[in-house]
Amino acid sequence: MNPSIAVLAGDGIGPEVMAQTLRVLQQVAPQITTKHGLIGGAAYCQYKSHFPTATKQLIDVCDAVLFGSVGGPIEAAEQPQWKNCEVNSILALRNHLKLAINSRPAKFYPALKDISPLKNERLEACDEILILRELLGDVYFGEKRTYTANGYKIAEDTAKYDENQIAQVAHHAFKIAATRKQQVVSVDKANVLDTSKLWRQVFQQVAKQYPEITLTHMLVDNCAMQLILNPAQFDVIATSNLFGDILSDAASALPGSLGMMPSASFSSKGFGLYEPSGGSAPDIAGQNKANPMAQILSLAMMLRHSFDLHTEANAIEKAIENTLDAGFRTQDIMQVGRRAVGTQAFTDEILHHL
Ligand code: NAD
């Protein structure tokens, strides 16, 4: 039977970039069936829920999820359509699917090195940094409380990890490193935190099963600095939920624009959800200005990881590189002397190069 995917375009630029991405899917893998569902503010309008049962049922019969973005303008955050939209939709979705690992590649394109906030010489040897982040543990899911004692307000968030959660990330990191540069940097704060000491021990233990991979450990504060000073030293970085949240955003700024950054999240059974790293960008929504790269590259990740369609995934990535080399730019990555185009025309070029 042909595989099927749930397509959840969401809000803001989500439907625009999704429509373009489905043109690419149609060209490279027309055998994949798409089933559309509502999520976020778009779902609220119809169901008064950001993550309605109809969408849950749709996801449960699909082989992967291609997600757009959710959320409204910050100034409308208290309106019912947008209130807690992200928490009720994307966080609930991650929990529903038990997505345990997030994978975010930050790719450096030679054609775009001048838009990076880093100096060119720091980017010379940079190709791609892959940040793997644990998604279901740490302070986000530990016990939380706010209380008053001795006349002061006090707030607590508990960080918690069990060894199985950590081992799952470690296995994923070593397996993916085997297909890349055979190196993993595990990032923690083992000089201070118990959760990090356990993280480091488990990584060392699991590493024995992957003797061909070089494992090094780095403290998170040093890693933040090294990402800026010498990003070329990294290939695969594996880290806990909180550190990964921060480091993956920092790394995604280095190539130049959020609009180019895809991501994938996996459950322990290998089910995948694929989405751009950025949000719904209400400031440019509906104006044909959004960069479709993040969404289209998320599709490429889906084809590779959920369906083993490596040739198709490589072809998409190559077509994007060729489009950039040919001088086409959306407004977020515009450079002097290059050709500014909108979301649709940029995708036309990608299709032309496919
Ligand atoms: P954002 O990522 O939407 O936008 C930040 C900046 O990046 C904006 O200037 C935007 O124009 C730009 N940008 C993002 N994607 C782009 C693209 N593809 N092409 C060109 N430029 C792009 O973050 P924000 O403005 O802080 O949040 C807007 C809404 O998105 C909020 O409601 C927030 O809650 C939501 N959000 C959703 C997700 C998600 O769906 N996973 C993630 C982050 C934020």
With out of contact with any helix residue (DSSP H, G or I) (no Cβ under 7 Å at 6 or more places or on another chain), touching a residue at least 12 places away in the same chain (Cβ under 8 Å) and in a loop (DSSP other than H, G, I, E, B) as the only criterion, which of Cys45, Cys62 stands out? Cys62
Please tell me if Leu132 is within 15 Å of the ligand (Cβ to nearest atom) and either closer than 24 Å to Gly259 by Cβ or surrounded by fewer than 21 Cβ atoms within 10 Å (Cβ to Cβ) (or both). no
Looking at (1) surrounded by fewer than 23 Cβ atoms within 10 Å (Cβ to Cβ); (2) near the ligand (Cβ under 9 Å from one of its atoms); (3) among the β-branched types (Val, Ile, Thr), can you tell me which one Val61 breaks? (2)
I need the strands (runs of 3 or more DSSP E) fully contained in region 76-174, keeping only those with at least 1 residues that are closer than 24 Å to Met302 by Cβ. 99-107, 128-134
Any chance region 176-186 includes a residue that's out of contact with any Ser or Thr (no Cβ under 7 Å at 6 or more places or on another chain), among the polar types (S, T, N, Q), part of a loop (DSSP other than H, G, I, E, B) and modelled with pLDDT of 95 or more? no
The one condition Glu212 fails out of (1) of a type in the set (D, E, K, R); (2) buried (at least 20 other Cβ atoms within 10 Å of the Cβ); (3) assigned to a loop (DSSP other than H, G, I, E, B) is (2)
Among the numbered criteria (1) within 12 Å of the ligand (Cβ to nearest atom); (2) in contact with a Phe, Trp or Tyr (Cβ under 9 Å, 6 or more places away or on another chain); (3) within 22 Å of Ser306 (Cα to Cα), which single criterion is violated by Trp82? (3)
What single numbered condition from (1) in contact with a Lys or Arg (Cβ under 9 Å, 6 or more places away or on another chain); (2) farther than 30 Å from Ala250 by Cα fails to hold for Asn102? (2)
Inside region 258-354, counting only helices (runs of 4 or more DSSP H) that do not spill past its ends, which hold 1 or more residues that are more than 16 Å from the ligand (Cβ to nearest atom), surrounded by 21 or more Cβ atoms within 10 Å (Cβ to Cβ) and free of Cβ contacts under 8 Å to residues at least 12 places away in the same chain? none
A careful count of residues in region 48-58 that are surrounded by 14 or more Cβ atoms within 10 Å (Cβ to Cβ) and not in a helix (DSSP H, G or I) gives 4
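The values are calculated or read from the model by the stated rules, or taken from the named source; none is laboratory data. For clarity, every value in this text was computed on a predicted model and none was experimentally measured. For neighbour counting, all protein chains shown are included, and Cβ atoms are generated from backbone atoms with ideal geometry for every residue, glycine included.
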